1. Which residue pairs have Cβ atoms under 8 Å apart, sit 6 or more places apart or on different chains, and have a first residue in the range 1-28 that is within 19 Å of Leu135 (Cβ to Cβ) and a second that is among the charged types (D, E, K, R) and surrounded by fewer than 12 Cβ atoms within 10 Å (Cβ to Cβ)?
2. If I filter the range 144-154 down to residues being assigned to a helix (DSSP H, G or I) and over 23 Å from the mean Cα position of the chain (by Cα), which single residue comes out as farthest from Glu13 (Cα to Cα)?
3. Return the residues of the range 48-66 that are touching a residue at least 40 places away in the same chain (Cβ under 8 Å) and of a type outside the set (A, V, I, L, M); say none if nothing qualifies.
4. In the range 134-143, is there at least one residue being assigned to a helix (DSSP H, G or I), surrounded by 15 or more Cβ atoms within 10 Å (Cβ to Cβ) and touching a helix residue (DSSP H, G or I) at 6+ places or on another chain (Cβ under 8 Å)?
5. Considering the range 1-31 alone, what residues qualify as being open to solvent by 60 Å² or more (accessible area, probe 1.4 Å) and at pLDDT 90 or above?
6. Here is a list of conditions, (1) modelled with pLDDT of 85 or more; (2) exposed (fewer than 12 other Cβ atoms within 10 Å of the Cβ), and Leu154 meets all of them except one; can you say which number that is?
7. Mind checking which pairs have a first residue in the range 88-116 that is more than 18 Å from Gly72 (Cβ to Cβ) and a second that is of a type outside the set (A, V, I, L, M) and part of a helix (DSSP H, G or I), Cβ under 8 Å, 6 or more apart or different chains?
8. Please go through the range 71-116 and pick out each residue that is hydrophobic (A, V, I, L, M, F, W, C), surrounded by fewer than 19 Cβ atoms within 10 Å (Cβ to Cβ) and at pLDDT 85 or above.
Amino acid sequence: PDGRIAVFLVHRETSARAPEDIRATILDRYGGLGWLTGRILAACPPARHMYYDCVAQVEMPAWSSHRVVLVGDAGYAVSLLAGQGASLAVAGGYVLAELLARHDVGTALARYEQLLRPVVVPRQVRARADMRWFLPANRRQLLTRRVALRLAELPGLDRMLVTGLVGKPTSIIEIGRAHV
């Protein structure tokens, strides 16, 4: 109603640090794309009104130490691009709570990681592999993505594509219940 819009842009960077001039970086990265990009960039606000962040994935060798435990993205972020982070965090919190209710802290934390790591790690690996899909690094990867999206319009192939991108469903809560 107030005439404002939000834009989500993603690009590759070699550094995990935010650029000195965020607005200049955005204008430089997207300035030559054509179509509606020029109109969008003309409305680009000053850097102080922009949010710029690094999409990263946390890989922790252990999710707990003594009586401290990491749950969700703090311990096993899949990534913004892969999705499933909120689902894994809720499921992880649930499983951890069930284990803490039934075991001493040390046993519960060890069992928590033992149950969840086999579910989380393949999704982390998949997220790293899917980065090429979401944000192609070269023209060959871009062409591959375009062809796959066209093929996905064919009946039956759409499900194969989705399963390939997000993995097979897992009932982590049921896994937790069965092993607490």
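The values are calculated or read from the model by the stated rules, or taken from the named source; none is laboratory data. Computed from a predicted structure; not experimentally measured. In this analysis, Cβ positions are derived from the backbone assuming ideal geometry, glycine residues included, and neighbour counts consider all displayed protein chains. The area values use the complete protein model at the heavy-atom level, side chains included, leaving out ligands, DNA and RNA. Shrake-Rupley method; radii C 1.70, N 1.55, O 1.52, S 1.80 Å.
1. The qualifying pairs are Ala18/Asp53.
2. Checking each candidate, the answer is Leu151.
3. Cys54, Gln57, Glu59, Trp63, Ser64
4. Checked the range 134-143: no residue is assigned to a helix (DSSP H, G or I), surrounded by 15 or more Cβ atoms within 10 Å (Cβ to Cβ) and touching a helix residue (DSSP H, G or I) at 6+ places or on another chain (Cβ under 8 Å).
5. Once the filter is applied, which keeps residues that are open to solvent by 60 Å² or more (accessible area, probe 1.4 Å) and at pLDDT 90 or above, the range 1-31 yields Glu20, Asp21, Arg23, Asp28, Arg29.
6. (1)
7. Listed by first residue and then by second, the contacts come to His103/Arg111.
8. Result: Ala74, Ala86, Ala89, Val90, Ala97, Leu100, Ala101, Val105, Ala110.
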